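Taking it in order: structure first as structure tokens, then the write-up.
The values are calculated or read from the model by the stated rules, or taken from the named source; none is laboratory data. Computed from a prediction, not measured in an experiment: that's the story for all the values here. Reconstructed Cβ throughout: ideal geometry from the backbone, glycine too, with neighbour counts over all protein chains shown. What goes into the accessible areas is simple: the full protein's heavy atoms, side chains included, and nothing from ligands, DNA or RNA. Shrake-Rupley method; radii C 1.70, N 1.55, O 1.52, S 1.80 Å.
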Amino acid sequence: MNSRSVILIIIAIALFIGACSDGAWNNPYPSDRKGKSANVIYSSFSERPKRLDPVSSYSSNEYQFIAQIYEPPLQYHYLLRPYTLVPLTASRLPEVRYFGEGGVLVDENAVDSIKYSEYTIKINKGIQFQPHPAFAINNKGDLVNLNLTAKDLEGIHVLSDFEAIGSRELTAEDYVYQIKRIASPYLHSPIAGVMSDYIVGFDDFRKQASEKYPNPNEGWHDLRDIKLDGVRVVDRYTYRIRINGKYPQLVYWMAMPFFAPMAWEAEKFYAQDGMEERNISLNWYPVGTGPFMLTENNPNLRMVMEKNPNFHGERYPSEGEPEDYENGLLKDAGKRLPLIDKAVYSLEKETIPYWSKFLQGYYDASSVSSDSFDQAIQFGSGGDFQLTELMQDKGIQLATAVTTSILYMGFNMTDPVVGGDSEQSRFLRRAISIAVDYEEYISIFANGRGVAAQGPVPPGIFGNIAGESGINPFVYDWKFGEPKRKGIEVALDLMEQAGYKDGIDPNTGKPLVLNFDTPSAGPDAKAQLNWMRKQYQKLGIQLVIRATDYNRFQEKMRNGTSQIFQWGWNADYPDPENFFFLLYGPNAKVKHHGENAANYANPEFDRLFEKMKNIQNGPERLATIKEMTKIAQQDAPWLWGFHPKAFSLFHSWYQNVKPNLMANNLLKYRRVVSEDRQAKREAWNKPNYWPLILVGIFLLASLIPAVIAFRKRERSTLK
Amino acid sequence: MIAYIIRRILYAIPILIGVNILTFLLFFVVNSPDDMARMFLGQKHVTEEQIEDWKSERGYHQPLFYNAEEEGVEKLTQTIFYTKSVRLFVFDFGRSDSGRDISFDISQRMWPSLAIAVPQLIVGLLVTISLALLIAFFRGTYIDYWAVVICVALMSISSLFYIIGGQFVMGKVLRVVPISGFEDGVFGIKFLILPVLIGIIGGIGSSTRWYRTIFLEEINKDYVRTARAKGISEQMVLFKHVLRNAMIPILTGVVVILPLLFMGSLITESFFGIPGLGSYTIDAINRQDFSIVRSMVFLGAVLYIIGLLLTDISYTLVDPRVRLN
């Protein structure tokens, strides 16, 4: 084969590959999807979701999928702020009644006399499950895929291999069944512990289920006949949940997939012999009533959700905040959801290729990683965030929001040096609170994407107070209209009052040594840990970094052997209770295995917490929260750290984007202008093959001297 | 030869047991069953009872090596090591901790790994052997000197640099191939070009230099001098005599890695989003999924042993003087 043939073959392959692609050679999507997929959103996932079962899924990469498929009775309003619960499959918000001793109705404010609360949820009629083999029926109306034999399963490898599919109407029974699944001892719902404190008969149900099904791995556990006292079907479309005492936060849980309906047929279908061997399981193929259904689940490569043909006609919201009208977020008001046909999620493990593909238009939206921050964001003259020219030229837009989360540094309150209720330790903690400059931390390590925290409650959640009255007076002064961290001299004074003048420990006569436990040990963390050491150095304290892996770190936290640590919390729901409970004494990690990692316990704080959690948002609750915040600020069990800011970028064709940090079912609101996307993709991705041709010519040209040298060498005398 | 092969297979059994014990110890030194349960169940609101249930359902509630509460042989069999390891020897990998059939996953994910590794190996061998022969041909000249310098430079650069640089130049600047991704079938070819190319370029430095050394060793032997004395052209000497006789060390390196091609490349698969066995293993390590980790380590050990055996057998094919006994 001569060199001309080789070149022709290369050109033929290039043309063939080019022909296979969607205009651009670097298009990562197959051309056969072009026609059908105009109204598609392209996104990615970096890790295979562990579970897609609403009873156990709890992480964001799982919610990315199941929140579009399963529908709990309630949801958060997409546009309204503060976050507002609205009905989803329910016809209205739950009706709540409170009962006292002897079953008499009592007022919701008579918290002490409330023995039970009862939530009645009425769902809409006519909602259908997505098409699924579990619902397939024959002419007689019998379910045909629930008693499959080994022979029936021959040739079945994936769910789409089942020919017979069907659907049925959603009923209250499906919601009750799912709550029983939460209580199941074998499904490991992460909220089982929380619910067992409230739902009447929860523990008894678990006991009965264990007795009825002693082997967790055997067959289908039919929970329908096992009685759960606190949950019952009232009629075909109504069910009732009875809880101990008062727990207003229950409604927030009802907006999470844990409380989404589960059809018993689906569970039985997947529990049949031979299904697990084929990897056909509820964790792999969800069955819901939501706007989308998972039609391709290959998490090693791609996951595809398509519009559920049976989706009930939910409409795009017609009301929003004043700026939503200006931002065009209500242009689709009243339109039938979902606004797209399909969403394709490709596996993308690394941020660099993701970012490049986003810039090429192959992904519709992107977060801003630290690698790409400088390329995407610049600071304006007023210190505000602006998009760089490159982003502006591409028509990319930026949306920012302070997350409903907190990254804090905690003191182990059981530690004899930094913990405890003594004035000495309190002064020490407060001195450290001043010395560790979180504004600097945010600036250096988070590219300015964060807000220094004044207390445990993030902005956007009831109880967070903006302005002068909301600052932490032990760490900040209000100057020039903003909080200013107190000077280091104040911290040094506190150190002296704590008995550590200039940071010297009187017991040893040497600098006070404190230990910082962290699971961050890589090269990336080194700069942060050095910075942290320097902050303590300001007070003369020697900070010892005890880096370990995450498993050992957790073990230390559980055993209470840490001294100072850094941790975080993402809100489950937009209620201050979900943050203050991290400081509630009976929730301490060491004693009670709870989420209070600092093991903080203050009887007055605990009393106020118990009061606050049971009252509705209003002046009384706000006053209680203020009191609690003041106690916590004074005791300083945490350095309050900061609330990170989420930055997201999206292309001009990707519309109806408003950050909503509570809702996970946002895909149905998104809209794409596919013609715009297609045009821009083609313009941005014209192949630039001339450098390759030049390299080829250069290589060919270099063959001439090479051949000459070869021949010369061949003719020369060998040494 | 058959007796030799049988003997080698029998030798493999204690090696595999050793590998299993080592994997088991290393894994459980870092991760306790409690850690695994917490990783699976998540961080929030998890109770001790749920952790115990999770362990019990998956057999992680037993002691690691010795169960003092049992009687007789069950002291050894009612342990995590026995229950999780013994079936590996009949290649029953069982299910992952998240419930997936590991054998099925391996059968699915080995093809993308092979799709990258096989062309990379074949084209890479052709390129590096040709280059090494060419350099050997120009031995002692400036071409040889600079070629070695370039080879050393190429082998000193991190593979990550080749990947990121390749993605930047080919995918972002020239826009001739996708930056990352994977597809089955013909459409998938364009996803393979860049990782294969990068793999070849990344391997040129070390392989060419090594093969050059092998060729130079051969080139000074008596039979080569005799061939030249007979008037055979240098081209023929290199391709017909030197290359053939240099095949043993080349085969040693190549055949041993043939079975390991299945195992994939951790970095390449991660950066290019290729759903191969390399990323399968690294994901399992990150998730603390012991069932997958032990299966992949076991499989890797078996394949390595097969590779060594194939190398021995291949010696007999390229060199008639070698006899296996």
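When the helices (runs of 4 or more DSSP H) confined to the range B:234-325 are screened for residues that are free of Cβ contacts under 8 Å to residues at least 60 places away in the same chain, more than 14 Å from every other protein chain (Cβ to nearest Cβ) and under 21 Å from the mean Cα position of the chain (by Cα), those reaching at least 3 such residues are found at B:247-257, B:290-318.
What tally of residues in the range B:140-157 results from selecting those that are facing another protein chain (nearest Cβ under 9 Å) and either open to solvent by less than 10 Å² (accessible area, probe 1.4 Å) or not in a helix (DSSP H, G or I) (or both)? Break it down into steps so the answer makes sense when it comes.
Applying the first criterion (facing another protein chain (nearest Cβ under 9 Å)) to the range B:140-157 yields B:140-141, B:143.
Among the residues that remain, those that are also either open to solvent by less than 10 Å² (accessible area, probe 1.4 Å) or not in a helix (DSSP H, G or I) (or both) are: B:140-141.
Of the residues in that region, 2 qualify.
Of all residues in the range B:34-70, those that are more than 7 Å from chain A (Cβ to nearest Cβ), assigned to a loop (DSSP other than H, G, I, E, B) and open to solvent by 20 Å² or more (accessible area, probe 1.4 Å) total 10.
Here is a yes/no grid of residues against (1) part of a strand (DSSP E or B); (2) open to solvent by 60 Å² or more (accessible area, probe 1.4 Å); (3) touching a residue at least 40 places away in the same chain (Cβ under 8 Å):
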{"site": "A:Ser43", "(1), (2), (3)": "yes, no, yes"}
{"site": "A:Tyr58", "(1), (2), (3)": "no, no, yes"}
{"site": "A:Phe65", "(1), (2), (3)": "no, no, yes"}
{"site": "A:Gln68", "(1), (2), (3)": "no, no, yes"}
{"site": "A:Leu93", "(1), (2), (3)": "no, yes, yes"}
{"site": "A:Asn109", "(1), (2), (3)": "no, yes, yes"}
{"site": "A:Thr120", "(1), (2), (3)": "yes, no, yes"}
{"site": "A:Lys125", "(1), (2), (3)": "no, yes, yes"}
{"site": "A:Gln130", "(1), (2), (3)": "no, no, yes"}
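Just one of B:Ile198, B:Ile214 is open to solvent by less than 60 Å² (accessible area, probe 1.4 Å) and away from chain A (no Cβ under 14 Å); which is it? First the steps, then the outcome.
Details: B:Ile198 fails: away from chain A (no Cβ under 14 Å).
On inspection, the qualifying residue turns out to be B:Ile214.
Out of everything in the range B:82-139 that is more than 14 Å from chain A (Cβ to nearest Cβ) and of a type in the set (Gly, Ala, Ser), what residue ends up being farthest from B:Glu234 (Cα to Cα)? By that ranking, first place goes to B:Ser85.
Which one is farthest from the other protein chains (Cβ to nearest Cβ) among residues in the range A:326-371 that are polar (S, T, N, Q) and under 23 Å from A:Lys668 (Cβ atoms)? So the residue we want is A:Asn327.
Could you identify the single residue in A:Met532, A:Met557 that is part of a helix (DSSP H, G or I), closer than 20 Å to A:Pro416 by Cα and not hydroxyl-bearing (Ser, Thr, Tyr)? So that I can check it myself, show each step before the final result.
Numbers: A:Met532 fails: closer than 20 Å to A:Pro416 by Cα.
Exactly one residue qualifies, and that residue is A:Met557.
Being open to solvent by 30 Å² or more (accessible area, probe 1.4 Å), under 26 Å from A:Gln542 (Cβ atoms) and not basic (Lys, Arg), is that true of even one residue in the range A:476-484? No, the range A:476-484 has no match at all. For the range B:22-33, filtered to residues that are closer than 19 Å to A:Gln554 by Cα and surrounded by fewer than 16 Cβ atoms within 10 Å (Cβ to Cβ), the residue that is farthest from the other protein chains (Cβ to nearest Cβ) is B:Val29.
With the requirement that a residue be surrounded by 18 or more Cβ atoms within 10 Å (Cβ to Cβ) and modelled with pLDDT under 90, what does the range B:158-169 give you? Working first, answer last.
The first filter runs over the range B:158-169 and keeps only residues surrounded by 18 or more Cβ atoms within 10 Å (Cβ to Cβ), leaving B:162-163, B:166-167.
Within the range B:158-169, none qualify.
Of all residues in the range A:152-184, those being part of a helix (DSSP H, G or I) and loosely packed, with under 14 Cβ neighbours inside 10 Å number 2.
Filtered by the rule that a residue be surrounded by fewer than 19 Cβ atoms within 10 Å (Cβ to Cβ) and over 30 Å from B:Leu299 (Cα atoms), the range B:235-264 gives B:Gln235, B:Met236, B:Phe239, B:Lys240, B:Arg244.
Please go through the range B:75-122 and pick out each residue that is without any contact (Cβ under 8 Å) to a residue 12 or more places away in the chain, over 27 Å from B:Ile9 (Cβ atoms) and charged (D, E, K, R). Of everything in the range B:75-122, those that are without any contact (Cβ under 8 Å) to a residue 12 or more places away in the chain, over 27 Å from B:Ile9 (Cβ atoms) and charged (D, E, K, R) turn out to be B:Lys75, B:Arg100. Residues in the range B:170-190 that are more than 7 Å from every other protein chain (Cβ to nearest Cβ) and either over 23 Å from A:Pro691 (Cβ atoms) or surrounded by 23 or more Cβ atoms within 10 Å (Cβ to Cβ) (or both): B:Asp184, B:Gly185, B:Gly188. Restricting attention to the range A:431-468, the residues that are in contact with a strand residue (DSSP E or B) (Cβ under 7 Å, 6 or more places away or on another chain), part of a helix (DSSP H, G or I) and of a type in the set (D, E, K, R) add up to 2.
Being among the aliphatic types (A, V, I, L, M) and either in a helix (DSSP H, G or I) or within 25 Å of the chain's Cα centre (by Cα) (or both): is that true of B:Val177 here?
On the way: among the aliphatic types (A, V, I, L, M): yes; either in a helix (DSSP H, G or I) or within 25 Å of the chain's Cα centre (by Cα) (or both): no.
No; evaluated as a whole, the condition is false for this residue.
Restricting the range A:189-199 to residues that are surrounded by fewer than 24 Cβ atoms within 10 Å (Cβ to Cβ) and not aliphatic (A, V, I, L, M) leaves a set whose member that is farthest from the other protein chains (Cβ to nearest Cβ) is A:Tyr198.
Can we say B:Ile9 is open to solvent by 80 Å² or more (accessible area, probe 1.4 Å), away from chain A (no Cβ under 12 Å), farther than 24 Å from A:Ser210 by Cα and in a helix (DSSP H, G or I)? When the stated conditions are applied, B:Ile9 passes them. Looking only at residues of the range A:32-44 that are within 12 Å of chain B (Cβ to nearest Cβ) and modelled with pLDDT of 90 or more, we find that the one that is farthest from A:Ser281 (Cα to Cα) is A:Tyr42. The set of residues in the range A:581-603 that are out of contact with any Pro (no Cβ under 9 Å at 6 or more places or on another chain) and open to solvent by 70 Å² or more (accessible area, probe 1.4 Å) comprises A:Lys591, A:His593, A:Pro603.
Filtered by the rule that a residue be under 22 Å from the mean Cα position of the chain (by Cα), modelled with pLDDT under 90 and open to solvent by 20 Å² or more (accessible area, probe 1.4 Å), the range A:368-404 gives A:Ser369, A:Ser370, A:Asp371.
Applying the set (1) within 29 Å of the chain's Cα centre (by Cα); (2) not in a helix (DSSP H, G or I) to B:Leu133 leaves exactly one unmet item: (2).
Residues that are of a type in the set (A, V, I, L, M, F, W, C) and within 30 Å of B:Val173 (Cα to Cα): list the strands (runs of 3 or more DSSP E) wholly contained in the range A:289-355 that include at least 2 such residues.
Details: elements: A:292-298, A:302-307, A:342-347.
Where strands (runs of 3 or more DSSP E) fall fully within the range A:289-355 and carry at least 2 residues being of a type in the set (A, V, I, L, M, F, W, C) and within 30 Å of B:Val173 (Cα to Cα), they are A:302-307, A:342-347.
If the condition is being within 14 Å of chain B (Cβ to nearest Cβ) and open to solvent by 20 Å² or more (accessible area, probe 1.4 Å), then the range A:274-293 contributes A:Glu276, A:Glu277, A:Arg278, A:Ser281, A:Asn283, A:Trp284, A:Tyr285.
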